[in-house]
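Novice: Starting off with a structure, shown below.
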Amino acid sequence: MLSIKNISFSYQESKVLDQISFLLEPGSHLSVMGESGSGKSTLLKAIYGLLDLDSGEIFWNKEQVLGPNFNLVPGEKYMRYVAQDFDLMPFTTVAENIAEFLSVFEQENHEARIQELLEVIELVDFANVKVKNLSGGQKQRVALARALAQEPEILLLDEPFSSIDQFKKNQLRHSLFPYLKEKGITVLNATHDPNDVLSFADNVLVLKDGKMIAHDAIQQLYQKPKQKYIASLFGQVNELPISLLKEYSEMDASILIYPHEFEISKDAGFEVYVVNNHFKGGYYVIEGVAENSQTVFFTNPNALKIHARVYLNVSLQLVNRRISIKK
Ligand code: ADP
Ligand code: MG
């Protein structure tokens, strides 16, 4: 169990982590989300023992993680950290870079272990290529393999796919995350990409200006976001006065609605007129304007005529789920 107990950290005057507390079960996968500058990288660095905290404590089981003032060589053996700026040996091969991180006590297994790790990062054909000749994304994958070499109990990933192209990113997620689950490795993944989170994370922690503003199971967080900032981490979202819906015309509250959650009708719901169509491949995001002049985004299988008028409705069930959100 990872226990984060009320930690705070500042760079000079400015507080970057503000009284963060949470527990992380062994083998579970936590995504740390938040806008750029919200403190994701700092939180991971603190957990790895790279920072001296202003206050609070960090424990992995019964062992306390201490900062550089108390621990000259950061990084406990049970924990690995893949930084945003990975640090490899450029003049040796991919295989040698990985081998350097394998245990000296298991020499006879090295070949097989290197092969296994090359498969996870999908660089089997690059085993003998010098790291300096790899692309940024390939280097990032080698950094991942090195972190996994000695099978840590807990792995801290800071935007692990940031330099990897879209196509490869998807393949890697599907090879890396299930591998970590299967090995029972506890994962903390700092990311702003919802595709890293949906279908892989058990729980999500949301940071804003160094404060933890949510910590929940992924489905719960997505279905009942407590504020627009949280819902926006998963893409476009509408925040509308609920009074736009006839049944709630007296109510002073706003409601968050993802574009795909509207039902389009010819006559029921609130009226919008179409101002733009955005092609998304399998569907369109339609940009409309509601009677209160607010822009509303909703999805439709086809493009709609500009200036057409349609009615948007949302299910009662959805309203009930979201209604607790006050302005
Ligand atoms: P994120 O990873 O979510 O983008 P960071 O943890 O990198 O955010 O940064 C959080 C805040 O701390 C930002 O305001 C950033 O400017 C500041 N910060 C990060 N590193 C340093 C540093 N070495 N010195 C001073 N301020 C820093
Ligand atoms: Mg960062």
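Novice: Which value in nm describes the separation of the simple spin-label points at Arg309 and Glu239, placed 7 Å from the Cα toward the beta carbon?
Specialist: Rounded to a tenth, the inter-label distance reads 2.9 nm.
Novice: For q values of 0.07, 0.09, 0.10, 0.14 Å⁻¹, compute log₁₀ I(q)/I(0) with the Debye formula on a Cα-only model of the chain, without solvent.
Specialist: For the chain, the Cα-only Debye profile gives -0.37, -0.59, -0.70, -1.09.
Novice: With each pseudo-label sitting 7 Å past Cα toward Cβ, what's the Asn292-Leu316 distance in nm, one decimal?
Specialist: Taking the two extended label points, one gets 2.3 nm.
Novice: What net charge is computed for the residues neighbouring Gln19, neighbours being all others with C-beta under 14 Å from the C-beta of Gln19, Lys and Arg scored +1, Asp and Glu -1?
Specialist: Summing Lys/Arg as +1 and Asp/Glu as -1 gives 0.
Novice: Could you identify which residue out of Glu57, Glu25, Glu247 has the top mean-square fluctuation in a GNM of the chain using Cα springs shorter than 10 Å?
Specialist: Between Glu57, Glu25, Glu247, it is Glu247 that shows the largest mean-square fluctuation.
Novice: When we measure straight from the Cα of Lys169, which aspartates and glutamates land under 18 angstrom away, once same-chain ones fewer than 8 places off are left out?
Specialist: Partners within reach: Asp85, Glu119, Glu122, Asp125, Asp158, Glu159, Asp193, Asp196.
Novice: Additional query: Could you give the length gained on full extension between Asn6 and Ser265, defined as 0.36 nm per residue of separation minus the Cα-Cα distance, in nm?
Specialist: My answer for the length gained is 88.3 nm.
Novice: Probe of 1.4 angstrom, ligands and nucleic acids ignored: what's the accessible area per residue over the range 24-82, in square angstrom?
Specialist: 46
Novice: Kindly provide the GluC sites (Glu not before Pro) of the range 66-103 that DSSP labels as loop, not H, G, I, E or B, and whose Cβ sees at most 14 other Cβ atoms within 10 Å.
Specialist: Within the range 66-103, the qualifying GluC sites (Glu not before Pro) (loop, at most 14 other Cβ atoms within 10 Å) are Glu100.
Novice: Tell me whether the range 241-325 comes out rounded, prolate or oblate; compute the Cα gyration tensor, take square roots of the eigenvalues as a ≥ b ≥ c, and use a/c under 1.5 as the rounded threshold.
Specialist: prolate
Novice: Still on this model: With the full set of protein chains in place, find how many percent of the accessible area of the range 95-194 is carbon and sulfur; take the probe as 1.4 Å.
Specialist: The C+S portion of the solvent-accessible surface of the range 95-194 is 49 percent.
Novice: A further question on this structure: Looking at the range 234-310, which trypsin sites (Lys or Arg not before Pro) are in a loop (DSSP not H, G, I, E or B) and have at most 16 other Cβ atoms within 10 Å?
Specialist: When the trypsin sites (Lys or Arg not before Pro) of the range 234-310 are filtered for loop state and at most 16 Cβ neighbours within 10 Å, Lys266, Lys280, Lys305 remain.
Novice: Counting helices only, and only those DSSP H runs with n ≥ 4, report the 222 nm mean residue ellipticity of the chain as the sum of -39,500 (n - 2.57) divided by its residues, in deg cm²/dmol to the nearest 500.
Specialist: Result for the chain: -6500 deg cm²/dmol, rounded to the nearest 500.
Novice: Next up: Of the heavy-atom accessible surface of the range 241-325 (probe 1.4 angstrom), what whole percent is carbon and sulfur?
Specialist: Summing carbon and sulfur atoms, their accessible area is 49 percent of the total for the range 241-325.
Novice: If you don't mind, there's one more thing I want to ask. Rounded to whole Hz and in sequence order, give me ³J(HN,Hα) for the range 89-102 from the Karplus expression 6.51 cos²θ - 1.76 cosθ + 1.60, θ = phi - 60°, writing x for Gly and Pro.
Specialist: 9, x, 9, 10, 7, 4, 4, 5, 4, 6, 4, 4, 9, 7
Novice: Only sites in a loop by DSSP and with at most 12 other Cβ atoms within 10 Å count here; which trypsin sites (Lys or Arg not before Pro) in the range 67-121 make the cut?
Specialist: Here the trypsin sites (Lys or Arg not before Pro) that fit, given the DSSP loop and packing criteria, are Lys77.
Novice: OK, next. Scan the chain and hand back the longest stretch that contains none of the chymotrypsin sites (Phe, Trp or Tyr not before Pro) lying in DSSP loops with at most 11 other Cβ atoms within 10 Å.
Specialist: It works out to 92-327.
Novice: Pulled fully out, how much extra length does the chain show between Lys77 and Lys280, if you take 0.36 nm times their separation in residues and subtract their Cα-Cα distance?
Specialist: 68.6 nm
Novice: Just the accessible area per residue of the range 241-325, please: how many Å² with a 1.4 Å probe?
Specialist: About 56 Å² of surface per residue is accessible.
Novice: Suppose a student asked you for the relative contact order of the range 2-232, using Cα pairs under 8 Å spaced at least 6 residues apart; what percent would you report?
Specialist: 28
Novice: Which distance in nm do the two modelled labels at Glu35 and Ala253 give, with both placed 7 Å along the Cα-to-Cβ direction?
Specialist: Placing both labels 7 Å along Cα→Cβ, they lie 2.6 nm apart.
The values are calculated or read from the model by the stated rules, or taken from the named source; none is laboratory data. Remember, it's a predicted structure, so these values are computed and weren't measured experimentally. With ideal geometry, Cβ positions are generated from the backbone for all residues, glycine too; neighbour counts draw on all protein chains shown. Surface areas here come from the heavy atoms of the whole protein model, side chains and all, with no ligands, DNA or RNA. Shrake-Rupley method; radii C 1.70, N 1.55, O 1.52, S 1.80 Å.
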